[in-house]
Ligand code: DC
């Protein structure tokens, strides 16, 4: 039996489905550690962009890897991300960092470089991890796997609202175009493409707000825990 404190919950899905907000809330409600794995790819993307390397320059991107040191720090239930000593929590959230993160995540050497940090965190148990390949690659034996998704239009509306609140002036059309391009990139890449694990529960949350999504996902998690006899 796995105690709730050791449980590993994987939440995968495309950008803008609300994975990180949901994962954060679930971690809080269940007293688990929240791990946002997208932040790792975003940090690599940021480093590459900061160094003027093109998003399609695979060789240039790979040559950056030995110079990037990333730490994920658990700070009272939220995650801080430190790259080479700098807290990059805000800088990794720009539209440019999003585009770069998706580009670097296609490169197998980047995924390999970020593998052990994710495996180490998963190995400690008591985690809710969100990403694209948590249930398929990082923790294929996770106790609970959720694939959270929504239509591109719904996700673009949410992201647009979020960006506006942060004062980022990207149009809805541009946000939608970026989301569709990232979906295409993330799901057609050869290494660890975005797809639900065979044993994941898929939830399409169009029309659900965050609170309703959290309630629904908590219900799914409770159902799995009861069925599998996890304490
Ligand atoms: O979840 P996010 O939007 O912060 O992720 C940023 C990018 O990182 C996304 O385009 C795909 C990539 N990613 C990935 O390939 N694998 C993960 N486990 C998490 C993110």
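If the condition is being modelled with pLDDT under 95 and part of a loop (DSSP other than H, G, I, E, B), then region 67-76 contributes only 76.
Here residue 48 fulfils each of the conditions (1) buried (at least 16 other Cβ atoms within 10 Å of the Cβ); (2) more than 25 Å from residue 76 (Cβ to Cβ); (3) away from the ligand (no atom under 16 Å from the Cβ) apart from (3). Residue count for region 117-135, restricted to those that are more than 9 Å from the ligand (Cβ to nearest atom), in a helix (DSSP H, G or I) and crowded, with 23+ Cβ neighbours inside 10 Å: 1. Of the residues 72, 114, the single one that is touching a strand residue (DSSP E or B) at 6+ places or on another chain (Cβ under 7 Å) and within 13 Å of the ligand (Cβ to nearest atom) is 72. Of all residues in region 28-42, those satisfying the criterion of being away from the ligand (no atom under 11 Å from the Cβ) and either at pLDDT 95 or above or touching a helix residue (DSSP H, G or I) at 6+ places or on another chain (Cβ under 9 Å) (or both) are 29, 30, 31, 32, 33, 34. Per the listing 177, 195, 182, the residue uniquely surrounded by 13 or more Cβ atoms within 10 Å (Cβ to Cβ) and more than 12 Å from residue 14 (Cα to Cα) is 177. For region 148-171, the criterion of being within 14 Å of the chain's Cα centre (by Cα) and either crowded, with 16+ Cβ neighbours inside 10 Å or free of Cβ contacts under 8 Å to residues at least 40 places away in the same chain (or both) is satisfied by at least one residue.
Conditions tested, residue by residue: (1) assigned to a strand (DSSP E or B); (2) over 27 Å from residue 198 (Cα atoms).
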residue	(1), (2)
40	no, no
47	no, yes
53	no, yes
65	no, yes
79	yes, yes
92	no, yes
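Answer yes if at least one residue in region 56-65 is closer than 27 Å to residue 139 by Cα and within 14 Å of the ligand (Cβ to nearest atom), and no otherwise. Yes - at least one qualifying residue is present in region 56-65.
Report whether or not residue 145 is modelled with pLDDT of 95 or more and either surrounded by fewer than 22 Cβ atoms within 10 Å (Cβ to Cβ) or in contact with a strand residue (DSSP E or B) (Cβ under 9 Å, 6 or more places away or on another chain) (or both). So residue 145 fits the description; yes. Could you tell me which of the residues 103, 97 is surrounded by 18 or more Cβ atoms within 10 Å (Cβ to Cβ), in contact (Cβ under 8 Å) with a residue 60 or more places away in the chain, under 19 Å from the mean Cα position of the chain (by Cα) and in a helix (DSSP H, G or I)? Criteria check complete, one pass: 103.
Within region 203-215, the residues that satisfy the criterion of being without any contact (Cβ under 8 Å) to a residue 60 or more places away in the chain and under 16 Å from residue 12 (Cβ atoms) are 203, 204. Of all the listed residues (142, 109), the sole one being within 16 Å of the ligand (Cβ to nearest atom), outside any strand (DSSP E or B) and under 26 Å from residue 200 (Cα atoms) is 142. Would you call residue 195 under 29 Å from residue 103 (Cβ atoms), within 15 Å of the ligand (Cβ to nearest atom) and out of contact with any helix residue (DSSP H, G or I) (no Cβ under 8 Å at 6 or more places or on another chain)? For residue 195, the condition - under 29 Å from residue 103 (Cβ atoms), within 15 Å of the ligand (Cβ to nearest atom) and out of contact with any helix residue (DSSP H, G or I) (no Cβ under 8 Å at 6 or more places or on another chain) - is not met.
The values are calculated or read from the model by the stated rules, or taken from the named source; none is laboratory data. This is a predicted model, so every value here is computed, not measured. All Cβ positions, even for glycine, are placed from backbone atoms using ideal geometry, and neighbour counts span all protein chains on display.
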